[in-house]
Amino acid sequence: EPPSWHIDAAGRPSTPSRKIVQALGQGRADQLLLELATRLRNGMVGRDVLVRTEGDEFVVLTEENAPDVTLLAERIIHNLEEPFTVDGIPVSISGSIGISTHHGEGHDVEESLRQAYTALAQAKKAGRCCYRFFHPSMNRQADDHVILASALREAIADNRLTLVYQPQVNLHTGELHGVEALSRWDDPVLGMVSPGRFIPVAEETGQIRALGVWSLRVACEQMAEWIAHDIPVPTVSVNLSAIQFQDPDLVSQLATILHQTGVPPERLIVELTETAMIENFDQTVNTATAIRNLGIGLSMDDFGTGYSSLSNLASLPISEVKIDRSFMNGFGSTGNVRQVVTAIIRIGHTLGMTVIAEGVEEAAQCAQLRDIDCDVIQGYYFGRPMNTASLDAWIRERRAEAVPVA
Ligand code: C2E
Ligand code: CA
Ligand code: CA
């Protein structure tokens, strides 16, 4: 990945990032970056190289050894955390730093850059305002990654991934509202690999495009079966990766799959997370509009975990919002979480959306969500993601018993 801008020898950055410009305007963004560069330059010595790669990400190449360079990294983090004042507006930024200490004579710059990027990836995983030194064991992790990527390629090619379906229940009627399709990979060698592990690998290696089309197709084929057998599953939701959402072929792929499977568009919902909307906003709006024009539902997943959430909700043709399951922690005990969830539900309704709460595990949460007028819930309380045979049985059982909600 090429650096998006450098801080040159005189401490001048080239172009500021889009996010900062959007927030502050061009003039203020330039001012902020100049001040940032000046701060960061302090403490860099000799042949040290500091590169801002993207957003809040930096790599440092230095020949200093660990104790000194630890101080340097601490200083950089500290300099970043100290709020800036731009035109009287306080601005806080954070950062992640990857460090290679194999810089200077006798070392290959490309190799040290690679090391620093590997360390940066670790720093990002560790959270905000962290730095990591490159360590040889990181290469081993990178190897694991390579193994996972090639096993995944085979699994996709051999059609060994499967979809499971988790029920979503209407809180007012107790009826099945729809199901969410979730990918599963049970590898003969690696065992069960969770989507939390393989989706990021698929995104990094570009396999997400194949995986994404596969999951859309299988979910629609399944929906066609449910329709053919009169099994009352009103909608199926499929997760789309941010990368897929930037794919210019996505809309025509969706149209083709619907056409080939004969599934009415309103029976399909695509789920999108907010990260997909942050970069390339204009294209996101276009794609979202084209999807809605096909008649397909558009759901904002994991709502409340990203940022600029409200403006995203208002400016995109979203039909459904899913409140992230982190809100279910302490939902019953503390007043504030409940207030926030209540507000999200009101906003969703004002904008004409269906509101789904995710990760509902307890009857008490269910009752409270109904009190504050949530439409639909999804979670272990009603059912885990399951294969189609189990889902059929689940639906039949519920109909037979007419299970009351909560
Ligand atoms: P997600 O879209 O937020 O999906 C919901 C996740 O929460 C699922 O995890 C589900 O099993 C889990 N879950 C459901 N109810 C409960 C509950 O009551 N309590 C708790 N603790 N968890 C619950 P899963 O299946 O491991 O998937 C993880 C993530 O991987 C998904 O999060 C989604 O972002 C991604 N993913 C899964 N399948 C696909 C796919 O086919 N394509 C893409 N792009 N992403 C996928
Ligand atoms: Ca989802
Ligand atoms: Ca979610």
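The values are calculated or read from the model by the stated rules, or taken from the named source; none is laboratory data. Just so you know, these numbers come straight off a predicted model, no measurement behind them. Backbone-built Cβ (ideal geometry, glycine too); neighbour counts: all protein chains shown. What goes into the accessible areas is simple: the full protein's heavy atoms, side chains included, and nothing from ligands, DNA or RNA. Shrake-Rupley method; radii C 1.70, N 1.55, O 1.52, S 1.80 Å.
Of the residues in region 165-184, not one is of a type in the set (Gly, Ala, Ser) and open to solvent by 40 Å² or more (accessible area, probe 1.4 Å). Can you name the residue in region 140-155 that is open to solvent by 40 Å² or more (accessible area, probe 1.4 Å) and in contact with a helix residue (DSSP H, G or I) (Cβ under 7 Å, 6 or more places away or on another chain) and is also modelled with the lowest pLDDT among such residues? Once the filter is applied, the top-ranked residue is Ala142. Taking the listed residues Ile76, Ile93, Ile99, Ile89, the one that is at pLDDT 80 or above and at negative phi is Ile99, with no other qualifying.
To keep it simple, each residue is scored yes or no on (1) of a type in the set (Val, Ile, Thr); (2) within 16 Å of ligand 3 (Cβ to nearest atom); (3) at pLDDT below 95.
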{"position": "Asp230", "(1), (2), (3)": "no, no, no"}
{"position": "Pro234", "(1), (2), (3)": "no, no, no"}
{"position": "Asn239", "(1), (2), (3)": "no, yes, no"}
{"position": "Ile243", "(1), (2), (3)": "yes, no, yes"}
{"position": "Gln246", "(1), (2), (3)": "no, no, yes"}
{"position": "Asp249", "(1), (2), (3)": "no, no, yes"}
{"position": "Gln260", "(1), (2), (3)": "no, no, no"}
{"position": "Pro264", "(1), (2), (3)": "no, no, no"}
{"position": "Val270", "(1), (2), (3)": "yes, yes, no"}
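Of the residues making up region 301-336, those that are away from ligand 1 (no atom under 16 Å from the Cβ) and touching a residue at least 24 places away in the same chain (Cβ under 8 Å) number 10. In region 159-205, counting only strands (runs of 3 or more DSSP E) that sit wholly within it, the ones holding 2 or more residues that are in contact (Cβ under 8 Å) with a residue 24 or more places away in the chain and assigned by TED's automatic domain parsing to the domain that holds Val233 span 161-170, 176-187. Restricting region 223-254 to residues that are in contact with a Pro (Cβ under 9 Å, 6 or more places away or on another chain) and open to solvent by 20 Å² or more (accessible area, probe 1.4 Å) leaves a set whose member that is farthest from Arg184 (Cα to Cα) is Ile227. Sub-7 Å Cβ pairs linking a first residue in region 337-359 that is touching a residue at least 12 places away in the same chain (Cβ under 8 Å) and assigned by TED's automatic domain parsing to the domain that holds Asp373 to a second residue that is more than 16 Å from ligand 1 (Cβ to nearest atom) and among the small types (Gly, Ala, Ser), at least 6 apart or interchain, are Leu351/Ala314; Met353/Ser319; Thr354/Ser319; Val355/Gly348, ordered by first then second residue.
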